[in-house]
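Structure below; questions to follow.
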């Protein structure tokens, strides 16, 4: 199970809280926008061939000095990948579309043009904007990694995003709490707060940006919000139907086994959206057709095109999403040995496990898997 989802569930039970406190900025009018109906109870595995045209694998060139602990965020332009690793590289590494390492953006340290702790970055035309949580600086570099400028904002933010003059910031306020602020330019208004720190806003993805719009979601809410004029407005609503069978009380959520919450935007384009949400502590996928309103819901993405394992979605835009995966070669051998001794009851399950372990490679090698959705 995803460690992140385990953490969310543990916090829900331990704290005895589920309600999200919102200030007066939140709209109270009846919602009249599109409703996305999902039914995780009757969902099945989604075959990639049903929703995508192709799957392309790119092996990233790593070395002793460039080894990923994990991919925290990925952005890409027409030529390169820009990958943030907060623990291993502790910075942003740039690779070309063939996976060849090109450079790192900026340098860790003190003083002008250097960062101490990067928690987020954003790719802009001709530059990369990096947020340093430790110093509260927003630093700009050109695409070759050269320092351009910096400005002071505030310390402690977990994430930021900006589209035109609209901004969004997510912050931790110490302990298990968090806050999200949106606004115009440097003016920010607190909008949502939660006792669950960074577990509030769409799991690991706090914001989703398109060419002209900024969106965010609340993992304990069923709305997708769009920021317009510096103020969030509900744009879409998820309807879990009977699956969202959860009661609230001072002693905490009841019927925890049936708790449903989300969503997170993974991909949005003119024709469709790919969302992930949580039900019964597991992650689910929902492909929503924005024209017909039809929804394809599944608890797993099965890559029946080239059998390459699909890991966590680290990037989504237009008609494509990117996942990454890595398997320890020794554990893969142990896994194959274990599978060979399993009774052949679950043929499909065994086949999936075998395909995953047979795709193993040496530890430290990272693969990016591009899935191109059908238009």
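Just checking, how many residues over the range 280-311 are under 13 Å from residue 40 (Cα atoms) and out of contact with any strand residue (DSSP E or B) (no Cβ under 6 Å at 6 or more places or on another chain)?
Going through the range 280-311 one residue at a time, the tally reaches 3.
Also: Does residue 361 qualify as being surrounded by fewer than 17 Cβ atoms within 10 Å (Cβ to Cβ), touching a strand residue (DSSP E or B) at 6+ places or on another chain (Cβ under 9 Å) and either on the phi < 0 side of the Ramachandran plot or at pLDDT below 85 (or both)?
yes
May I ask you to list the residues in the range 263-279 that are crowded, with 16+ Cβ neighbours inside 10 Å and either out of contact with any strand residue (DSSP E or B) (no Cβ under 8 Å at 6 or more places or on another chain) or closer than 18 Å to residue 209 by Cα (or both)?
The answer is 263, 264, 265, 266, 267, 268, 269, 272, 273, 274, 275, 276.
If residue 270 meets every condition in (1) assigned to a strand (DSSP E or B); (2) modelled with pLDDT of 85 or more apart from one, which number is that one?
Answer for residue 270: the failing condition is (1).
Now for a different question. Out of curiosity, is residue 56 in a strand (DSSP E or B), under 21 Å from the mean Cα position of the chain (by Cα) and free of Cβ contacts under 8 Å to residues at least 60 places away in the same chain?
It is false that residue 56 is in a strand (DSSP E or B), under 21 Å from the mean Cα position of the chain (by Cα) and free of Cβ contacts under 8 Å to residues at least 60 places away in the same chain.
Output the strands (runs of 3 or more DSSP E) that fall wholly within the range 64-182 and possess 1 or more residues being free of Cβ contacts under 8 Å to residues at least 40 places away in the same chain, closer than 24 Å to residue 212 by Cα and within 23 Å of the chain's Cα centre (by Cα), or say none.
Those strands (runs of 3 or more DSSP E) span 80-85, 118-124, 127-132, 137-142, 157-163, 166-172.
The values are calculated or read from the model by the stated rules, or taken from the named source; none is laboratory data. None of these values were measured; they are calculated from a predicted model. Glycine also receives a Cβ, built like all others from the backbone with ideal geometry; neighbour counts cover every protein chain displayed.
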